[in-house]
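The values are calculated or read from the model by the stated rules, or taken from the named source; none is laboratory data. These numbers come from a predicted model, not from an experiment. Cβ atoms come from the backbone with ideal geometry, glycine included; neighbour counts cover every protein chain shown.
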Amino acid sequence: MNSFSVPETIREKLHSVIREMSASPHLFVRKPEKHFTRRRKLPLEQLLSLLLRFGSGSLSRELLDFFQDAPDTVSAPALVQQRDKLLPEAMEHLFRKFTGTLPSCGTLEGYRLLAVDGSDVKIPPNPADADPYHQGASGQRGYNLLHLNALYDLESHLYQDALVQKDRKKHEAQAMIAMAERQSFRAIVLADRNYESYNLMAHLEKQSWYYLIRAKEGKKGTASALRLPETPKIDLSFTLLLTRKLTARMRAESDQYRIIPATNTFDFLEPGSDGVYPLSFRLVRFPLPDGSSETLLTNLPRERFPLAALKQLYTRRWGIETSFRKLKYTVGLLHFHGKKTDFVMQELYARLTMYNYAEAIVSAEAREKQSKQHAYQINFTTAFHICKAFLRDAISPGTLAKLPTAVSAAYPPRTKLPAEAPYQYGHYLLVSGRVTVRGTARRRAATIPLIMFLSLSYILF
């Protein structure tokens with residue numbers, strides 16, 4: 001029986017999903033009776049691996065790299081032919097199947113800690129596809145826009161789920177509902193103000209999930225219709241009675257009633273219904289260092305999550321913003337090798353898969369090296385290229401095991417949520433060889449061992 005290291009196990013899980021899909025090609029192709037039924041120059045297994053390993057180079061360069069400059073390298077037209085045989089859902093299946101094999105790395109009081117957010121992805125222009133198409137301003141060329149909705153595990157540093165919408169049809173709250181309903185675990189979700197929605201709050205409550213959502217400012221937000229004291233800090237509980245028909249009797253009885261317009265989605269009351277849906281939540285408000293204030297909506301229990309803990313907890317949402325930056329600029333989400341929307345979707349889910357593959361290895365190696373005195377954050381840009389080389393067997397597991405020593409920085413481990421703590425947008429970033437606490441003047445530092453860093457860079461490049 002083979003004894004695999006953690007990186008080898010993660011790589012094998014990815015290869016296993018690819019082999020499993022290749023063994024049942026009829027599930028993932030447009031014409032099951034015809035496509036990938038005969039041995040071709042680019043069979044399904046190779047095609048899936050190639051899509052995963054795409055970088056930001058030209059298509060011809062990517063093909064030459066994949067086939068190691070062989071004289072019989074597959075041509076670009078032949079690749080397009082093979083890609084066109086795949087169903088749009090094929091790479092999405094690979095992403096979800098592989099992600100499902102990766103363990104969660106921790107919980108908060110038994111709940112997975114997730115962040116949800118969306119990010120626009122510009123793709124090659126196609127005026128014929130009206131839903132994502134935008135006219136260029138001032139005579140500039142038009143463009144197409146997809147919206148990536150992502151559910152991100154803040155403890156495991158992995159994308160738990162993703163849903164892609166065409167820009168003119170995007171609806172972030174509905175996307176969040178769809179992603180949540182696909183999960184079978186309990187979670188706490190952190191979300192920004194775009195997700196403030198009675199419908200989303202009701203759905204998460206019904207699923208026994210907790211939420212912490214930043215409230216909108218101004219007249220359109222939930223807080224604007226509530227009677228709130230003029231104090232810097234607020235922590236109050238409310239129960240609103242949601243209805244589709246607000247009668248005079250309801251107005252006379254209580255100011256708790258809130259009408260849901262027929263144009264607004266609320267899945268628990270049909271349009272024209274005379275029913276009432278009670279929705280209970282907490283509203284907390286606290287001052288920020290710049291003199292402004294922040295308002296959050298939550299169903300987290302007060303006895304376990306007082307206001308100070310909520311302030312600190314919400315700062316963790318920044319993890320998904322950092323992941324988007326890595327996904328776009330390191331993994332290559334800004335570069336695509338196909339103009340068709342279906343081809344873009346293939347590569348988009350391939351990038352998400354590769355992010356999870358690399359982050360799973362990076363996190364495992366960092367945990368292996370961490371001590372009681374220090375945690376380790378690995379420079380993801382360099383680590384990603386090392387993990388990518390490991391996927392194609394260009395480096396050994398022994399070399400990969402040196403990853404934390406080569407590209408990491410030590411910093412004091414994050415403490416658990418305190419009962420009282422100063423509010424700060426605190427997270428650790430590796431910038432120019434230093435670990436910086438974002439939003440404060442404090443800096444924790446560690447120098448990257450340059451000799452190891454350069455040696456690994458030489459191996460890769």
Name, by its number, the condition in (1) part of a helix (DSSP H, G or I); (2) in contact with a strand residue (DSSP E or B) (Cβ under 7 Å, 6 or more places away or on another chain); (3) of a type in the set (A, V, I, L, M) that does not hold for A252.
(2)
Among the listed residues T231, T263, which satisfies the condition of being among the β-branched types (V, I, T), over 33 Å from the mean Cα position of the chain (by Cα), loosely packed, with under 12 Cβ neighbours inside 10 Å and not in a strand (DSSP E or B)?
T231
Does G275 satisfy being over 18 Å from the mean Cα position of the chain (by Cα), on the phi > 0 side of the Ramachandran plot and modelled with pLDDT under 95?
no
Identity of the residue in the stretch 323-332, hydroxyl-bearing (S, T, Y) and in a helix (DSSP H, G or I), that ends up surrounded by the most Cβ atoms within 10 Å (Cβ to Cβ)
S323
With the requirement that a residue be at pLDDT 95 or above, in contact with a strand residue (DSSP E or B) (Cβ under 7 Å, 6 or more places away or on another chain) and not in a strand (DSSP E or B), what does the stretch 279-306 give you?
N299, L300, R302
Quick count over the stretch 360-385, residues being modelled with pLDDT of 80 or more and either part of a helix (DSSP H, G or I) or among the β-branched types (V, I, T) (or both), is 11
Pick from the stretch 208-228, criterion among the polar types (S, T, N, Q) and modelled with pLDDT under 95, ranking: farthest from F281 (Cα to Cα):
S224
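The rows are residues; the columns are (1) under 17 Å from L59 (Cβ atoms); (2) of a type in the set (A, V, I, L, M); (3) part of a helix (DSSP H, G or I).
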residue: I320; (1), (2), (3): no, yes, yes
residue: L334; (1), (2), (3): yes, yes, no
residue: D342; (1), (2), (3): yes, no, yes
residue: A358; (1), (2), (3): no, yes, yes
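Taking V121, is it at pLDDT 95 or above and aliphatic (A, V, I, L, M)?
Considered against the rule, which asks whether it is at pLDDT 95 or above and aliphatic (A, V, I, L, M), V121 comes out as no.
For (1) of a type in the set (D, E, K, R); (2) closer than 30 Å to S363 by Cβ, each residue gets a yes or a no:
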{"site": "E45", "(1), (2)": "yes, yes"}
{"site": "S49", "(1), (2)": "no, yes"}
{"site": "G57", "(1), (2)": "no, yes"}
{"site": "K85", "(1), (2)": "yes, no"}
{"site": "A90", "(1), (2)": "no, yes"}
{"site": "S104", "(1), (2)": "no, yes"}
{"site": "Y111", "(1), (2)": "no, yes"}
{"site": "D129", "(1), (2)": "yes, no"}
Elements of type helices (runs of 4 or more DSSP H) contained in the stretch 44-92, each with 1 or more residues being surrounded by 14 or more Cβ atoms within 10 Å (Cβ to Cβ), among the aliphatic types (A, V, I, L, M) and touching a strand residue (DSSP E or B) at 6+ places or on another chain (Cβ under 8 Å)
44-53
Given the residues L269, L241, which is the only one that is free of Cβ contacts under 8 Å to residues at least 40 places away in the same chain, in a loop (DSSP other than H, G, I, E, B) and not charged (D, E, K, R)?
L269
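Specify the residue that is surrounded by the fewest Cβ atoms within 10 Å (Cβ to Cβ); the eligible residues are those in the stretch 105-124 that are over 29 Å from K170 (Cα atoms) and not aliphatic (A, V, I, L, M).
Applying the filter and picking the extreme gives G110.
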